[in-house]
Each structure stands twice: as C-alpha cells, then as structure tokens.
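Engineer: Attaching a single structure in structure tokens format; questions to follow.
The values are calculated or read from the model by the stated rules, or taken from the named source; none is laboratory data. In this text, all values refer to a predicted model and were calculated from it rather than measured experimentally. Positions of Cβ are backbone-derived with ideal geometry, glycine not excepted, and every protein chain shown enters the neighbour counts. Surface accessibility is based on the protein's heavy atoms, side chains included, excluding ligands, DNA and RNA. Shrake-Rupley method; radii C 1.70, N 1.55, O 1.52, S 1.80 Å.
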Amino acid sequence: MTATAPRLLLVDGHSLAYRAFFALPVENFSTTTGQPTNAVYGFTSMLINVLRDEQPTHIVVAFDVSRRSFRTERYAEYKAGRSETPTDFKGQVSLVKEVLAALRIPVVEMEGYEADDVIATLACQARDQGMSVLITSGDRDAFQLVGENVTVLYPRKGVSDLARMDPAAIEAKYGVPPERYRDLAALVGETSDNLPGVPGVGPKTAAKWITAYGGVDGVVARADEIKGKAGDSLRERLADVIRNYEINCLVSDLELPLRPEDARWPGWDREAVHQVFDTLEFRILRDRLYQYLEAVEPEAEAGFELAGEVLTEPGALSGWLGT
C-alpha cells in the first residue's frame, strides 16, 4: 500500500466487543483484581489482526450511545427482544475505549443514532473521496453499504474468523446485489433487531421476488400477483415489510465531529500502551502488537544549539573562564 491509496477502516465497537464477550469464556479472562476482560481482550486481538492484515491509513471506531435511537421512537419494539446486558460485560466498553486511546484511534458516537449510522456516514464520505473502505461489523445491515470500494469484514465465528463480504460475496450468499440487501432484510426480517419478516419467506423466496419485481416497492405494488401461501402471508404483513424497510435504512448524512480525512492513523503510543496493557495484564497481546506493528516514538519538544571553541594557547582556559 502507498500513500496515494488511502484506506479507511471503520469498526463497530459495540458489535465486536459484544461478540468477543460471548466468544471467550469470562472465567478465563480477568485481572488479578477480578475485573473481567474477555470482551476487551477479544476486541483488541481482532483489531491487532485487522491492522496487521489490512494496513489501513485511516481508522475510526464507532459506538452506540444507548439502546434508544430514532428507530425505537418509530417502532417501540425495535431490538426489544434482546436480553439485559450481562453484568460481566458492563464496564468493558470503557476499557475498550482506553485501549483505543492508547492506540491513538478516534472514537465517534452520536446521540439518537446507532454506530451503524456513524459508519454509513463516514463510509459514504470516504467512498466519494476515492478512499477504499473496510467495515468491520457483526451487523448485517452494513451489507447495504458494500460496493466497488466498500467491503465488510463480517465475523463468522467469534471475532477471529472474518468473512470478506464484497459485492460478489453478497450476491452469491443472498441472491441479490448489496444495494438490494435492505429490500431482502425487509421481507425476511431481522431477529436480532426484533423486526419480524413475512412468515414462511426465506432469503431465496425474497430474492426471487426482488429480482422479479425490482425491489420492495415493486413487491408491495404487485403483491396481489404473488400466488400461494407465501403470497397470502405477504399481503397480511405488508405493513411490517414497509416498516422494516424504513427502519433498516442506514443514515448516511450525519454531522459528525470528524471526516474521513481527519482520521489518519499516526500509530500507537508506546508509553500509553504499556500502561493500559499492564493494567489489563495483556502480556501476550502486547508482544503481538510489538511484533506486528510499529509504535510512534516520542520526540523532543524542542532542540538546542551548542557553541564550541578550541583553546590552544597556554593559559587560554583561565582567560576564557574569566579568572
């Protein structure tokens, strides 16, 4: 990679930290003081691997502020099926942010919106500037952003095995191009977001309808032409499909505190990493960080000049000293 090929890495912090929590047994990851660290350990391990493998020039990690957003205002049951946050997970997001600060990676979050919306905004801005964009997220809504210069690294198992979802991979798996993934999700539903789809309609049927009728708008407009039980179910759930389609849309025009060009990664802070990793007792991860990535060495704030004079005559030293 060269300086003429900027590459922006966008990471969904909550999504990846939460997945890491369930991927690593909490009883095996804690400090001597009893602080659970499985989520922050798994997240940091994943991030080191991505930094090593993808070598981004720019990086941002996005977080949710809370479970409430404009989507819950529009549909009160949005994500209502999710269980309470596990006690051992609480507090680990703040530790993830401490690691990111030591790595000099900016964190962005926006009240009333989700991390997905922050990522969508930055991804579209970067794409329009000619950057290549990598999105690391466990939320399939990000698939609607995939394009020629935008790829999603989607965790298949835990956070260590990431599938590279480019346009060809999306179409091969779901039968529709990325720009129609939102249509497919509206018909099939999304269990993790508590958005019910059309009963009996899976991705294959939804893809067939989208291809035949040109997207959700066409499917809704010509619902009366669809035969069989699936057609009956569709007509009964048209309101749900329309609602899902509206809620699934990622916001891509937020006013954020930074733009993609502001997120150039300067490298990590050696002293800060020592302090944070010592506190978290991440000896193995520190070794990996040193092995894979270079730290930014501290520089003197200002230099100073030295003036010298060669004394060759007898008695010159006493005269020079003024004695």
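Engineer: Hey, what angle do you get for helix 283-292 against the long axis of the chain, alpha-carbon based, 0 to 90 degrees rounded to 10?
Structural biologist: Result, in degrees: 80.
Engineer: Okay, moving on. So what J values fall out for region 34-42 if you push phi through Karplus, 6.51 cos²θ - 1.76 cosθ + 1.60 with θ = phi - 60°, rounded to Hz, Gly and Pro as x?
Structural biologist: Per residue, the Karplus-derived 3J(HN,Hα) values read x, 6, x, 9, 5, 5, 5, 5, x Hz.
Engineer: A follow-up question, please. Just give me a number: lysine pairs in the chain, eight or more positions apart or cross-chain, with C-alpha atoms less than 30 Å apart.
Structural biologist: Lysine pairs meeting both conditions in the chain amount to 20.
Engineer: What list of ³J(HN,Hα) values in whole Hz, one per residue of region 225-236 in order, does the Karplus curve 6.51 cos²θ - 1.76 cosθ + 1.60 (θ = phi - 60°) give from phi, with Gly and Pro shown as x?
Structural biologist: My calculation for region 225-236 gives 7, 7, 8, x, 5, 4, x, 4, 5, 4, 4, 6 Hz in order.
Engineer: Now for a separate question. Which residues in region 17-31 place their backbone N less than 16 Å from a point set 7 Å from the Cα of residue 157 along the Cα-to-Cβ direction?
Structural biologist: 20, 22-25
Engineer: How large, in percent, is the carbon and sulfur part of the accessible surface of the chain at a probe radius of 1.4 Å? Don't jump to the answer; show the numbers that get you there.
Structural biologist: On the way: 8250 of 16790 Å².
Whole-percent figure for carbon plus sulfur exposure: 49.
Engineer: Using modelled backbone amide H atoms (1.01 Å from N, in-plane), which distant-in-sequence or interchain residues come within less than 5 Å of residue 104's amide H?
Structural biologist: Correct list: 269.
Engineer: Each label point is 7 Å from the Cα along the Cα-to-Cβ direction; what then is the distance between the points at residue 235 and residue 272, in nm?
Structural biologist: According to this spin-label approximation, the distance is 6.1 nm.
Engineer: Amide H of residue 30 versus every other amide H placed in the peptide plane: which residues, excluding those fewer than 5 positions away on the same chain, fall under 5 Å?
Structural biologist: 37
Engineer: Go through 9, 258 and list them by solvent-accessible area, largest first, probe radius 1.4 Å.
Structural biologist: Values: 9 0, 258 25 Å².
Correct descending sequence by accessible area is 258, 9.
Engineer: Any idea how far the Cα center of region 192-258 sits from the one of region 140-191, in Å?
Structural biologist: 16 Å
Engineer: Can you list residues from other chains, or at least 5 along the same chain, whose modelled amide H is less than 5 Å from the amide H of residue 135?
Structural biologist: 10, 151, 152, 153
Engineer: Taking 0.36 nm per intervening residue step and subtracting the Cα-Cα distance, what contour gain separates residue 293 from residue 148 on full extension?
Structural biologist: Values: separation 145, 0.36 × 145 = 52.20 nm, distance 2.81 nm.
Fully extending the segment from residue 293 to residue 148 adds 49.4 nm.
Engineer: Provide, in order from the shortest bin, the percent of all Cα-Cα pairs of the chain in each 20 Å bin, continuing until the bin that contains the maximum pair distance.
Structural biologist: 28, 48, 15, 6, 3, 1
Engineer: Any idea how far apart residue 217 and residue 246 come out in nm if each label point goes 7 Å out from Cα toward Cβ?
Structural biologist: The modelled label-to-label distance comes out at 1.6 nm.
Engineer: Using only alpha carbons, build the gyration tensor for region 207-284 and give me the equivalent ellipsoid semi-axes, biggest first, whole Å.
Structural biologist: Details: eigenvalues 517, 65, 27 Å².
With the √(5λ) rule applied to region 207-284, the semi-axes are 51, 18, 12 Å.
Engineer: Per DSSP helix of 4 or more residues, -39500 (n - 2.57); summed, then divided by the residues of the chain. What does that give at 222 nm, rounded to the nearest 500? Write down the numbers at each step before the final one.
Structural biologist: Values: 14 runs with 138 residues, N = 323.
When only DSSP H runs of four or more count, the value is -12500 deg cm²/dmol.
Engineer: Please calculate how many Å² of accessible area the chain carries per residue, with a 1.4 Å probe and no DNA, RNA or ligand atoms counted. Please list the in-between numbers first.
Structural biologist: Working: 16790 Å² over 323 residues.
Per-residue accessible area for the chain comes out at 52 Å².
Engineer: Sticking with this structure for a sec: What angle, in degrees between 0 and 90 and rounded to the nearest 10, separates the Cα long axis of helix 238-248 from the longest principal axis of the Cα atoms of the chain?
Structural biologist: 10 degrees
Engineer: While we're here: What does the charge count around residue 32 come to, taking other residues whose C-beta lies under 13 Å from its C-beta (Lys +1, Arg +1, Asp -1, Glu -1)? Each step should come with its number before you reach the end.
Structural biologist: On the way: positive: 283; negative: 278, 281.
Taking every Cβ under 13 Å from that of residue 32, the sum is -1.
Engineer: Still on this structure, please answer the following. Could you work out how far helix 270-280 tilts from the main Cα principal axis of the chain, as a 0 to 90 degree angle to the nearest 10?
Structural biologist: That helix lies at roughly 60 degrees to the long axis.
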